[in-house]
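S.K.: Quick one: this structure, given as structure tokens, is what I'll be asking you about.
The values are calculated or read from the model by the stated rules, or taken from the named source; none is laboratory data. Nothing here was measured: the structure is a model prediction, and the numbers come from that model. Here the Cβ positions follow ideal geometry from the backbone for every residue, glycine too, while neighbour counts run over all protein chains shown.
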Amino acid sequence: MSGDAMRSARNGLILIVGLLLLWQLLYFWTGDIALASPLATLSYTVKLFATDAFDVQIYETLRAFSIAYALAVVIGLLVGFWLGFDRLSCDALEPMIVSAYAVPKLTLYPILLLAFGLGLSAKVAFGVIHGVIPIILFTLSAVHNTKPILIKTGRVLKLSRWQMVRWILFPAAIPEIFTGLRVGFALTLIGSLLAEMFASQRGLGYVLMNAIGLHNVELIMSVTLVIVVFAATVSVILLAIDHRLHRRA
Amino acid sequence: MSKVAWYRIAVVGGIVALLEVLCLAGFIDKITMPAPHIIVRDLFRMVVSGRMNGAIAKTLSNTALALGLALGVGIIAGALLHRARALRDPLDPLFATYYAVPVFAFYPFFIVVFGLGDLPQVLIAFMLGVVAVIVNTLNGLDRVPTVLLKTARILRMSPADTALRMTLPFAGPYLLTGIKLAVAYAFIGVIGSEFIMSRGGIGYEISFAYANFDNATMYPLILLILIASVAVNGALTVWEQRLLARRGMR
């Protein structure tokens with residue numbers, strides 16, 4: 001293990017221990033009604049995973065999320081490359097896309113629900129509109145930041161537009177595009193979970209809302225824990241790949 | 001007018017016109033969405049009648065409170081962390097993965113702890129915004145060139161003078177990026193949590209109208225939020241660009 005990896009592993013460990021400590025202290029402070037202790041939550045989570053009903057909900061969430069993410073990546077890359085090439089469209093549309101990022105998209109959910117109906121497609125659509133924006137923005141800025149000499153070389157070699165993307169722009173822009181994919185991953189997950197929380201009969205978000213209704217503190221904490229651990233783990237892995245790509249470039 | 005502006009007007013106008021035609025022709029039925037001109041008319045009536053003023057005031061004051069907290073705590077924490085290397089290193093992975101964690105997932109838990117008042121909403125909005133402020137403050141402070149600080153020392157400036165005349169002007173644009181994000185996150189946090197579960201505010205009114213198929217209230221409110229967030233974000237972006245242009249960075 002290199003020094004760098006050692007240091008980041010140590011930092012991660014300190015952070016996790018710190019957060020667990022904070023949680024335990026909060027538990028001592030608030031008591032059983034509001035919070036479950038870390039240990040109780042963990043054992044409850046283990047028990048939850050053993051039940052079939054819970055596995056079905058997780059599968060449901062993962063399914064909606066994967067479809068949404070795949071769509072967000074495809075649409076994001078296509079639009080990103082298009083705007084990267086087309087200067088006029090980019091100048092006109094980029095500020096609009098940036099401001100769409102700042103809109104509280106949760107309020108758009110009723111429209112999606114009316115348009116797509118209650119079910120998988122509304123969840124997927126909601127995940128996509130969250131995740132696609134950073135992928136577009138990072139891809140187009142990656143195309144713009146490609147060294148002009150590479151593009152000139154491609155032109156000298158008389159590459160077609162597709163060859164240009166395949167052999168020059170894509171390899172050169174990969175690190176930055178990957179950053180977009182990483183941010184898009186997180187936002188798509190948030191989007192699909194929010195969709196489930198608000199209107200759905202299946203999935204982790206639904207379980208969470210149901211648990212609030214029943215005031216089942218252990219269930220709330222367990223589901224929150226599962227979501228947080230999943231999101232954090234994947235994003236740490238993606239971040240490590242991201243750093244490696246950027247260092248190589 | 002420039003080509004870009006025409007392009008933008010054409011895109012927005014095209015979308016609105018398309019929706020208008022689809023609605024009037026009946027491809028989109030009235031239960032799904034009223035025609036755009038009806039939405040605008042309803043919004044106008046709603047604003048004139050003032051029946052949403054209470055909800056708007058509540059949402060705005062909660063957003064402002066969360067924003068103020070996020071900025072105050074974020075900038076101070078950023079400045080302190082910039083000096084405390086030992087504390088900053090373990091927190092770096094937290095900052096890097098923070099926005100991958102759906103903060104809204106904590107909302108139910110906050111309701112259980114703090115009750116269904118304004119506090120859980122403000123807290124969610126604060127949590128969403130504060131890390132963006134910290135990260136951008138750190139980023140700005142990291143980029144202050146050593147030569148500026150050395151100059152300050154040669155001129156025997158006091159720490160307060162150094163901060164006000166050297167560090168702050170230099171880190172300004174980065175701070176502004178943080179502020180811009182914090183504004184957006186404060187809006188998203190408050191309206192989003194009102195929407196999920198609350199007793200008032202614009203987000204609540206939208207979800208209430210939705211549950212009652214009250215399109216004459218829901219769509220104007222959604223339009224209002226779109227206009228407000230795009231306008232605020234646009235104004236901050238113009239300011240940011242101006243600061244960057246003065247620095248010759250654009």
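S.K.: Count, please, the residues in region A:114-129 that happen to be buried (at least 18 other Cβ atoms within 10 Å of the Cβ) and more than 8 Å from chain B (Cβ to nearest Cβ).
M.R.: Our first condition is that a residue be buried (at least 18 other Cβ atoms within 10 Å of the Cβ); within region A:114-129, this holds for A:114, A:120, A:122-129.
Still in the list and also more than 8 Å from chain B (Cβ to nearest Cβ): A:120, A:122-129.
Total meeting the criteria: 9.
S.K.: Would it be correct to say that A:Leu118 is over 22 Å from the mean Cα position of the chain (by Cα), touching a residue at least 24 places away in the same chain (Cβ under 8 Å) and within 26 Å of A:Leu62 (Cβ to Cβ)? Break it down into steps so the answer makes sense when it comes.
M.R.: Values: over 22 Å from the mean Cα position of the chain (by Cα): yes; touching a residue at least 24 places away in the same chain (Cβ under 8 Å): yes; within 26 Å of A:Leu62 (Cβ to Cβ): yes.
It is true that A:Leu118 is over 22 Å from the mean Cα position of the chain (by Cα), touching a residue at least 24 places away in the same chain (Cβ under 8 Å) and within 26 Å of A:Leu62 (Cβ to Cβ).
S.K.: For B:Val135, indicate whether it is assigned to a helix (DSSP H, G or I) and at the interface with chain A (Cβ under 10 Å from one of its Cβ atoms).
M.R.: On the way: assigned to a helix (DSSP H, G or I): yes; at the interface with chain A (Cβ under 10 Å from one of its Cβ atoms): no.
Judged against the criteria, B:Val135 is not a match.
S.K.: Name, by its number, the condition in (1) of a type outside the set (Gly, Ala, Ser); (2) in contact with a helix residue (DSSP H, G or I) (Cβ under 8 Å, 6 or more places away or on another chain); (3) more than 14 Å from chain B (Cβ to nearest Cβ) that does not hold for A:Phe65.
M.R.: Going through (1) of a type outside the set (Gly, Ala, Ser); (2) in contact with a helix residue (DSSP H, G or I) (Cβ under 8 Å, 6 or more places away or on another chain); (3) more than 14 Å from chain B (Cβ to nearest Cβ) one by one, A:Phe65 breaks only (3).
Quick grid of which residues meet (1) surrounded by fewer than 19 Cβ atoms within 10 Å (Cβ to Cβ); (2) closer than 20 Å to A:Leu181 by Cβ; (3) among the acidic types (Asp, Glu):
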{"residue": "A:Ala40", "(1), (2), (3)": "yes, no, no"}
{"residue": "A:Tyr59", "(1), (2), (3)": "yes, no, no"}
{"residue": "A:Ala68", "(1), (2), (3)": "no, yes, no"}
{"residue": "A:Trp82", "(1), (2), (3)": "yes, yes, no"}
{"residue": "A:Leu112", "(1), (2), (3)": "no, no, no"}
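S.K.: May I ask you to list the residues in region A:191-226 that are within 25 Å of A:Ser37 (Cα to Cα) and within 12 Å of the chain's Cα centre (by Cα)?
M.R.: A:Leu193 - this is the single residue of region A:191-226 that is within 25 Å of A:Ser37 (Cα to Cα) and within 12 Å of the chain's Cα centre (by Cα).
S.K.: Would you call A:Lys105 modelled with pLDDT under 85 and either closer than 25 Å to B:Tyr219 by Cα or surrounded by 20 or more Cβ atoms within 10 Å (Cβ to Cβ) (or both)?
M.R.: Working: modelled with pLDDT under 85: yes; either closer than 25 Å to B:Tyr219 by Cα or surrounded by 20 or more Cβ atoms within 10 Å (Cβ to Cβ) (or both): yes.
It is true that A:Lys105 is modelled with pLDDT under 85 and either closer than 25 Å to B:Tyr219 by Cα or surrounded by 20 or more Cβ atoms within 10 Å (Cβ to Cβ) (or both).
S.K.: Now, a different point. Assigned to a loop (DSSP other than H, G, I, E, B), outside the structural domain of B:Ala228 (by TED's automatic domain parsing) and modelled with pLDDT under 85 - does that describe any residue in region B:2-10?
M.R.: Here is the first cut: in region B:2-10, the ones assigned to a loop (DSSP other than H, G, I, E, B) are B:2.
Within this subset, residues satisfying the condition of being outside the structural domain of B:Ala228 (by TED's automatic domain parsing) are B:2.
Checking which are modelled with pLDDT under 85 leaves us with B:2.
Yes, some residue in region B:2-10 is assigned to a loop (DSSP other than H, G, I, E, B), outside the structural domain of B:Ala228 (by TED's automatic domain parsing) and modelled with pLDDT under 85.
S.K.: Quick check: anything in region A:166-178 surrounded by fewer than 18 Cβ atoms within 10 Å (Cβ to Cβ), away from every other protein chain (no Cβ under 14 Å), in contact with a Gly (Cβ under 8 Å, 6 or more places away or on another chain) and on the phi < 0 side of the Ramachandran plot?
M.R.: Looking for residues that are surrounded by fewer than 18 Cβ atoms within 10 Å (Cβ to Cβ), away from every other protein chain (no Cβ under 14 Å), in contact with a Gly (Cβ under 8 Å, 6 or more places away or on another chain) and on the phi < 0 side of the Ramachandran plot, one finds at least one in region A:166-178, hence yes.
S.K.: Give B:Phe126, B:Phe114 a once-over and let me know the one that is surrounded by 21 or more Cβ atoms within 10 Å (Cβ to Cβ) and closer than 20 Å to A:Leu26 by Cβ. Spell out how you get there, then give the answer.
M.R.: Working: B:Phe114 fails: surrounded by 21 or more Cβ atoms within 10 Å (Cβ to Cβ).
After ruling out the rest, the residue left standing is B:Phe126.
S.K.: Which residues, taken from region A:77-102, are facing chain B (nearest Cβ under 7 Å) and at pLDDT 85 or above?
M.R.: Answer for region A:77-102, where residues must be facing chain B (nearest Cβ under 7 Å) and at pLDDT 85 or above: there is none.
S.K.: Next question, about the same structure. Out of B:Ala152, B:Ala163, I need the residue that is over 30 Å from B:Ile225 (Cβ atoms), assigned to a helix (DSSP H, G or I), at pLDDT below 80 and among the aliphatic types (A, V, I, L, M). Which one?
M.R.: Details: B:Ala152 fails: at pLDDT below 80.
Within the list B:Ala152, B:Ala163, the selection yields B:Ala163.
S.K.: Pairs, please: C-beta under 9 Å, at least 6 apart or cross-chain, first residue assigned to a loop (DSSP other than H, G, I, E, B) and in region A:12-41, second surrounded by fewer than 12 Cβ atoms within 10 Å (Cβ to Cβ) and aromatic (Phe, Trp, Tyr)?
M.R.: Note: pairs meeting the criteria are A:Leu35/A:Trp29; A:Ser37/A:Phe28.
S.K.: How many residues does region B:195-210 hold that are within 9 Å of chain A (Cβ to nearest Cβ), touching a residue at least 60 places away in the same chain (Cβ under 8 Å) and assigned to a helix (DSSP H, G or I)? Give the steps one after another, and end with the answer.
M.R.: So in region B:195-210, the residues within 9 Å of chain A (Cβ to nearest Cβ) come out as B:195-197, B:202-203, B:206-207, B:209-210.
Next cut, touching a residue at least 60 places away in the same chain (Cβ under 8 Å) only: B:196-197, B:202-203.
This time we only want the ones that are assigned to a helix (DSSP H, G or I), so: B:196, B:202-203.
Number of matching residues: 3.
S.K.: Follow-up. Restricting to region B:10-25, name every residue that is aliphatic (A, V, I, L, M) and within 19 Å of B:Ile39 (Cβ to Cβ). It would help to see each step written out before you state the result.
M.R.: So the first thing to find is which residues in region B:10-25 are aliphatic (A, V, I, L, M), and the list is B:10-12, B:15-19, B:21-22, B:24-25.
Once the filter is applied, which keeps residues that are aliphatic (A, V, I, L, M) and within 19 Å of B:Ile39 (Cβ to Cβ), region B:10-25 yields B:Val11, B:Val12, B:Ile15, B:Val16, B:Ala17, B:Leu18, B:Leu19, B:Val21, B:Leu22, B:Leu24, B:Ala25.
S.K.: If we keep just the residues of region B:41-62 that are hydrophobic (A, V, I, L, M, F, W, C) and loosely packed, with under 15 Cβ neighbours inside 10 Å, which is farthest from the chain's Cα centre (by Cα)? So that I can check it myself, show each step before the final result.
M.R.: Residues of region B:41-62 hydrophobic (A, V, I, L, M, F, W, C): B:43-44, B:46-48, B:52, B:55-57, B:60.
This time we only want the ones that are loosely packed, with under 15 Cβ neighbours inside 10 Å, so: B:44, B:47-48, B:57.
Working: B:Phe44: 24, B:Val47: 23, B:Val48: 26, B:Ala57: 17 Å.
Selected residue: B:Val48.
S.K.: If you don't mind, there's one more thing I want to ask. Here's a check for you: in region B:22-42, which residue that is part of a loop (DSSP other than H, G, I, E, B) and in contact (Cβ under 8 Å) with a residue 12 or more places away in the chain is farthest from the other protein chains (Cβ to nearest Cβ)? Outline the logic, then answer.
M.R.: Within region B:22-42, the first condition is being part of a loop (DSSP other than H, G, I, E, B), and the residues that meet it are B:26-35.
Now narrow it down to the ones that are in contact (Cβ under 8 Å) with a residue 12 or more places away in the chain: B:30-31, B:33-35.
Numbers: B:Lys30: 11, B:Ile31: 7, B:Met33: 7, B:Pro34: 11, B:Ala35: 14 Å.
By that ranking, first place goes to B:Ala35.
S.K.: Then there is this: Which residues, counting only those in region B:211-235, are within 9 Å of chain A (Cβ to nearest Cβ) and in contact with a helix residue (DSSP H, G or I) (Cβ under 7 Å, 6 or more places away or on another chain)?
M.R.: B:Met218, B:Tyr219, B:Leu221, B:Ile222, B:Ile225, B:Ser229, B:Val230, B:Val232, B:Asn233, B:Gly234
S.K.: Report, ordered by the first and then the second residue, all pairs with beta carbons closer than 7 Å, sequence separation of six or more or different chains, a first member in region A:43-60 that is in contact (Cβ under 8 Å) with a residue 60 or more places away in the chain and within 14 Å of A:Gly205 (Cα to Cα), and a second member that is in a helix (DSSP H, G or I) and of a type outside the set (Phe, Trp, Tyr).
M.R.: Here the result reads A:Phe54/A:Leu48; A:Gln57/A:Leu204; A:Gln57/A:Val207; A:Ile58/A:Leu204, each pair linking region A:43-60 to a residue that is in a helix (DSSP H, G or I) and of a type outside the set (Phe, Trp, Tyr).
S.K.: Something else: Just a yes or no: is a residue in region B:84-103 in contact (Cβ under 8 Å) with a residue 60 or more places away in the chain, within 14 Å of another protein chain (Cβ to nearest Cβ) and within 29 Å of B:Lys180 (Cβ to Cβ)?
M.R.: Step one: list which residues in region B:84-103 are in contact (Cβ under 8 Å) with a residue 60 or more places away in the chain, which gives B:103.
Okay, now just the ones that are also within 14 Å of another protein chain (Cβ to nearest Cβ), so B:103.
The next check asks that each one be within 29 Å of B:Lys180 (Cβ to Cβ); those that pass are B:103.
Within region B:84-103 (the criterion being in contact (Cβ under 8 Å) with a residue 60 or more places away in the chain, within 14 Å of another protein chain (Cβ to nearest Cβ) and within 29 Å of B:Lys180 (Cβ to Cβ)), the answer is yes, since at least one residue qualifies.
S.K.: Could I ask something else about it? Applying the selection to region B:1-21, what residues are within 16 Å of A:Ile111 (Cβ to Cβ) and within 12 Å of another protein chain (Cβ to nearest Cβ)?
M.R.: Scanning region B:1-21 gives B:Ile15, B:Leu19.
S.K.: I'm told A:Leu238 meets every condition in (1) out of contact with any Lys or Arg (no Cβ under 6 Å at 6 or more places or on another chain); (2) surrounded by fewer than 24 Cβ atoms within 10 Å (Cβ to Cβ); (3) hydrophobic (A, V, I, L, M, F, W, C); (4) in contact (Cβ under 8 Å) with a residue 40 or more places away in the chain except one. Can you identify the failing condition by its number?
M.R.: Condition not satisfied by A:Leu238: (1).
S.K.: Okay, next question. Suppose we filter A:Phe138, A:Phe116, A:Phe126 for residues that are farther than 26 Å from B:Val232 by Cβ and at pLDDT 80 or above; which single one remains? Full working, then the answer.
M.R.: Working: A:Phe138 fails: farther than 26 Å from B:Val232 by Cβ; A:Phe126 fails: farther than 26 Å from B:Val232 by Cβ.
Within the list A:Phe138, A:Phe116, A:Phe126, the selection yields A:Phe116.
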